[in-house]
1. Being surrounded by 15 or more Cβ atoms within 10 Å (Cβ to Cβ), in contact with a strand residue (DSSP E or B) (Cβ under 8 Å, 6 or more places away or on another chain) and aliphatic (A, V, I, L, M) narrows it down to one of A117, A170, so name that one.
2. Using the structure shown, decide if A114 is assigned to a helix (DSSP H, G or I) and in contact with a helix residue (DSSP H, G or I) (Cβ under 8 Å, 6 or more places away or on another chain).
3. V289 fails exactly one of the following numbered conditions: (1) in contact with a Lys or Arg (Cβ under 8 Å, 6 or more places away or on another chain); (2) touching a residue at least 60 places away in the same chain (Cβ under 8 Å). What is the number of that condition?
4. Take the conditions touching a residue at least 12 places away in the same chain (Cβ under 8 Å), in contact with a His (Cβ under 8 Å, 6 or more places away or on another chain) and of a type in the set (A, V, I, L, M, F, W, C) and apply them to L213. Does it pass?
5. From the residues in the stretch 158-184 that are charged (D, E, K, R) and assigned to a strand (DSSP E or B), which one is nearest to the chain's Cα centre (by Cα)?
6. Right, A155: in contact (Cβ under 8 Å) with a residue 24 or more places away in the chain, crowded, with 19+ Cβ neighbours inside 10 Å and under 19 Å from the mean Cα position of the chain (by Cα) or not?
7. I'd like to verify a number: residues in the stretch 121-145 that are of a type in the set (D, E), loosely packed, with under 14 Cβ neighbours inside 10 Å and touching a residue at least 24 places away in the same chain (Cβ under 8 Å), how many?
8. So if I check each of E29, E16, E33, which one is surrounded by fewer than 18 Cβ atoms within 10 Å (Cβ to Cβ), of a type in the set (D, E) and under 14 Å from C176 (Cβ atoms)?
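The values are calculated or read from the model by the stated rules, or taken from the named source; none is laboratory data. The structure displayed is predicted, hence computed values, not measured ones. Reconstructed Cβ throughout: ideal geometry from the backbone, glycine too, with neighbour counts over all protein chains shown.
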Amino acid sequence: MDADIGSDTVRRFLVEGQPVRGHRVRLSEAWRELRANGQYPPAVQALLGEAVAAAVLLAATLKFRGRLTLQMQGHGAVSLLVAQCTHEFGVRAVAHYDETLAAAIEGETCVGEAFRALAGEGGRFTVTIEADERDLRYQGIVPLTGESLAQSLEAYFSASEQLPTRVQLAADGERCAGLLLQKLPQTEEGTGVGALWQSVRRSMGRLGAEALLSQGLEALLGTVLPEHDVRVFRGTPVTFECRCGEGRVTSLLRALGPNEVREILAEEGAVTVTCEFCRRPYRFDAQAVEALFTDSGAADISPLIH
């Protein structure tokens, strides 16, 4: 049995003696935690899972400290999708969608007609990298093209990094996964590199969603690179990580001021703030609201979370 089955990891590998590298990610617990406070229609959920896997794969190809944001904007059922991954592989994501349009899309795989219905026409795919060092910020934008999010990701690598790249993505209610292979630049083309890359392109196209979701990395490599020695590196854990928290919420409410917060309390009976990303609700009753604006009670604020 492959060591990465059932684990939330991203793993790096390379083909011995050839300028080809890759990464594989598969998430289960982190994927379920990410959606713990929200429900998505099947097609939207699948696209969101693919985006989470894509964000991890993108982050894994870089050497940086900060966060990477993958954003999809279109005029289809999904108007906005955002997936973020930090350099420590903490992930979070959210999708905004039209319920009526999303409900009309059948199936749980986002390829072909389903992807076009979700993305719509004239959409764009944006990758933003915000590095901690010297507040560096990079942004690459390409049109949403092809039959899937994976093909849009390949177009991004071709346009922004000029690296031939093959990507496969998949997601269901329990898991999301992705496999990425890249042909690295060389001063001289090594023996057999062209044939190897053509073989990779064909074999990646034959990988089905179920294999990507259920098989371990070694089994997948046996399909994609059956006649080559591949060095596989130890996996790095991937976790769900949202930047919301009691401290951020209490600071937000204090910034609104006591009058406005007390008005909300009077109208609603409680003040509830819901994180836009993870949909986690922070509920403040009358006692917690008063503690927000008193020095003696500020340290003991404990919102009721439902």
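1. Every option except A170 fails the conditions.
2. Spelling it out, A114 is indeed assigned to a helix (DSSP H, G or I) and in contact with a helix residue (DSSP H, G or I) (Cβ under 8 Å, 6 or more places away or on another chain).
3. Here V289 meets the rest and fails (2).
4. Criteria not met by L213.
5. R166
6. In short, no.
7. Just the residues of the stretch 121-145 that are of a type in the set (D, E), to begin with: 121, 130, 132-133, 135.
Filter again for loosely packed, with under 14 Cβ neighbours inside 10 Å, leaving 121, 132-133, 135.
Checking which are touching a residue at least 24 places away in the same chain (Cβ under 8 Å) leaves us with 121, 132-133.
Residues that pass the stated criteria total 3.
8. E29
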